Amino acid sequence: MPVPALPADDLLRIVADARRSLAVAWELRSELLALATDPGAAGTRPSDDDDDRVAVPDALSAGALARAGLLDGRRLRVRVSLRRSQVFVTDPAGPDAVDAATPLLLQLARQAWGVPDVLLDPCCGCGEVALSTEAPLRLMLDRDPRALAFADLNRVLNGIPESRTLLGLADLRFGLPRLALAGLAGTVVCVAVLPSEPPDARDGEGDAHSLQQAALDAIAAARRAMPRSARLRALIGVSGASRAASDGPDLAARAAAAFGAERVRWSVLESASTGWLDARSATGDRSYGTLAVELD
């Protein structure tokens, strides 16, 4: 039987408790790290495929997770994943973990542009991409209030100061908040890792093309809203070999028409690669399409 999702009130209470007390946040983090790194523990990690298995060992069954209400019997009520020394939680039935190529994608962005003054993530989800990227300030936006609650919890669990993160409700398809963009300065890197299944696809609404176009429109609107002294860079990720092969050339052509061909670069990134690959390279099963845009 699937693990029931946390009620919204419980999730918000847990976030508030962790924000109020470093001790509570540290205890939660310690137990979540123990579960994420213990090969004998099962439950709602991305690698687990059986929700009926016992999730929490006896030593943790009456600890901080239980006191916070994050256990359903002996099963964890959130999905936990590990990125280096950071721990991230989200709903058990939430999106799959961030694509394995994403860390390399972000590494290449840093090599090309250095550490940005601002990291802008317009569809941040639980915050795994933005919170694992080095930046003095992160502007994290999402259309789902529940995702933002998890992003705030993950911020606290990983010890990232509130003064270095701004969380806001915004739908990429309808533009980004101009007031937030107007105060940005320095080098701003926008990283939009588009989901493999576009929002509302199962309801017959939206498609990959429209979501990609919304990302391009948001980049253009952000440039207009930001001070002229700011420098905008954008990296749009398109996951999956089939989408990278079919959508990439069209996306690159639309970006070139909007921003100028000299400001746009489309590449196919292989997960085992250590650098950009030519866009004409054959796409493999683990390819990841990336569109880099440089606007000054």
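Bear in mind these aren't lab numbers, they're just calculated from the coordinates by the rules spelled out. All of these numbers come straight from a predicted model, not from anything done at the bench. All Cβ positions, glycine included, derive from the backbone under ideal geometry; neighbour counts span all protein chains shown.
Observations
- Other-chain or far-sequence residues with amide H under 5 Å of ARG231's (modelled H): GLY186, THR187, VAL188
- Net +/- balance of residues flanking ARG231 in space, Cβ distance below 11 Å, scoring K and R +1, D and E -1: 0
- Environment charge at ALA8 (Cβ cut-off 12 Å; Lys +1, Arg +1, Asp -1, Glu -1): -2
- In this structure the amide hydrogen of ARG83, modeled in the peptide plane, comes within under 5 Å of the amide hydrogens of PHE88, none closer than 5 places in sequence on its chain.
- Net charge in the neighbourhood of LEU181 (other residues with Cβ under 12 Å of its Cβ; Lys, Arg +1, Asp, Glu -1) is +3.
- Loop-located trypsin sites (Lys or Arg not before Pro) in the range 100-172 whose Cβ has at most 12 other Cβ within 10 Å (DSSP): none
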